[in-house]
Amino acid sequence: MRVLVISDTHDNLQAINAFCERIGGEGVDNYDLLIHLGDIISPFSLRAIQGLGIKVIGVFGNNDGDRVLLKRFCPELSGHPMQTDIGGLKALLMHGWGGRDVTESMVNALAASGAFDVILYGHTHIADARVINDTLVLNPGALSGYLAERQTYAVLDIERGRAALVDLQSGRVIREVLIPK
C-alpha cells in the first residue's frame, strides 16, 4: 500500500496543480490513498485534488471554510483527531492546535504513549519525519509552500516500510525514515 500525505494546501492552485501533474506523471495507479491533514480551504481545491482519481480521506484544519460543502464533496473528511487503519497500521490523523509548540508537544506526547503506529499531522507548515517509541511521526509540511521553507508532501510506502518527505519542485526525497514494525 502506498499513501500520499498532504497538508496546508491553502487554495494554492498552482501548487495543487503541480502536485497533481507530478503524481499523474508517476502514475496514479502507484497510489492507493491520499490523506489531507487540513487547511484545504475551499471546495475548488478539494475538487482539483480529487481529479487525480485517488481515494481521499482526511481531517479539517483551522482555516477550512465551508466544511459542510467540503464534506459533501468528500464524506471521508472529518474533524480532528481521527483514528483510522492505514494498511494495517493504527493511525491518528490530526491538523494541530494553537502554535507550533503546542501542536508538537501534543504530537510528541501521543507518540510517546505508544497508542499508535503512525501519527500524521499538519498545521505547523514544517515537514517532519521521525520515530518516537516505535511510532512514526510524520508532517508532510505545507504543499502550498506558504510560511514554509519549501513546498512538500509525503509518501507512506507501507510495503517497503518507509516514509519519505518529497520536495514538490524537484521531486527529490529530502528525508526518509523507516516505519517501525
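Computed values, structure above
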| quantity | calculated |
| --- | --- |
| Selected residue (criterion: surrounded by the most Cβ atoms within 10 Å (Cβ to Cβ)) from residues of the stretch 104-130 that are among the β-branched types (Val, Ile, Thr) and in a loop (DSSP other than H, G, I, E, B) | Thr124 |
| Any hit, the stretch 33-43, residues being among the polar types (S, T, N, Q), closer than 29 Å to Arg160 by Cβ and surrounded by 16 or more Cβ atoms within 10 Å (Cβ to Cβ) | no |
| Answer from Gly99, Gly61, Gly88 - the residue that is at negative phi and either at pLDDT 95 or above or aromatic (Phe, Trp, Tyr) (or both) | Gly61 |
| Among residues of the stretch 73-103, those that are of a type outside the set (Lys, Arg) and outside any loop (DSSP other than H, G, I, E, B), counted | 15 |
| Test: residue in the stretch 137-153 that is crowded, with 20+ Cβ neighbours inside 10 Å and in contact with a Pro (Cβ under 7 Å, 6 or more places away or on another chain) | yes |
| Evaluation of Val177 against (1) more than 28 Å from Ala48 (Cβ to Cβ); (2) exposed (fewer than 14 other Cβ atoms within 10 Å of the Cβ) (one fails), failing number | (2) |
| Long-range neighbours under 9 Å by Cβ, at least six apart or interchain, first residue surrounded by fewer than 20 Cβ atoms within 10 Å (Cβ to Cβ) within the stretch 79-98, second acidic (Asp, Glu) | Gly87/Asp32; Gly87/Glu159; Gly88/Asp117; Leu89/Asp117; Lys90/Asp117 |
| Some residue of the stretch 150-162 being charged (D, E, K, R), outside any strand (DSSP E or B) and within 27 Å of His10 (Cβ to Cβ) | yes |
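The values are calculated or read from the model by the stated rules, or taken from the named source; none is laboratory data. Everything quoted here is computed from the prediction, not taken from an experiment. Every residue, glycine among them, receives a Cβ derived from its backbone with ideal geometry; neighbour counts consider all protein chains shown.
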